[in-house]
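Each remark here refers to the structure printed beneath this line.
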Amino acid sequence: MKARIYKPVRTAMQQSGQSNNHHWVLEFAPQSAPFIDPLMGWTGMTDTTQQLLLEFTSQEEAVEYAKSNGIEHELKEPKKRVIKPKSYAANFAFNRVLENPNTNG
């Protein structure tokens, strides 16, 4: 079995907060391709590990779990978030440059 360990990204509903992304996820790679049921046309799969999504509080805990259970894993480090400090007053500055790609001049 192969799995990947990653820290999930924020959803679109989390505008600027960091509340629900302090956990790590271990997700298994698919072992077999999905098939189409000949009678109903539904998509089926014999691999039940696709339904598993294990959450851990730290990266080390997820890696330790994978090693202790003999799971081959791939670790994806999260990208460092760069925050540019801005002030609200900069929106009204006299020398503010407007970045509008729709203008021709």
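In this simple spin-label model, placing a label point 7 Å from the Cα along the Cα-to-Cβ direction at both HIS23 and ALA93 gives a separation of 4.2 nm. Contact order for the chain, expressed relative to its length and based on alpha carbon pairs under 8 Å spaced 6+ residues apart, stands at 30 percent. Computed over the alpha-carbon atoms, the chain gives an Rg to Rh ratio of 1.22, Rh here being the Kirkwood radius from the mean inverse distance. With Cβ to Cβ distances under 14 Å as the rule, what net charge do the other residues near THR57 carry (K, R +1; D, E -1)? Summing Lys/Arg as +1 and Asp/Glu as -1 gives -3. For segment 49-66, the residues whose amide N sits under 15 Å from a probe point set 7 Å from the Cα of SER32 along the beta carbon direction are 49-51. For LYS76, a cut-off of 17 angstrom between C-alpha atoms picks up these lysines, skipping any fewer than 8 places away in its own chain: LYS2, LYS7, LYS67.
None of the figures in this text is laboratory data; all of them are computed from the coordinates on show. Given the structure is predicted, the values throughout are model-derived calculations rather than measurements. So basically every Cβ, Gly included, is an ideal-geometry build from the backbone, and we count neighbours across all protein chains shown.
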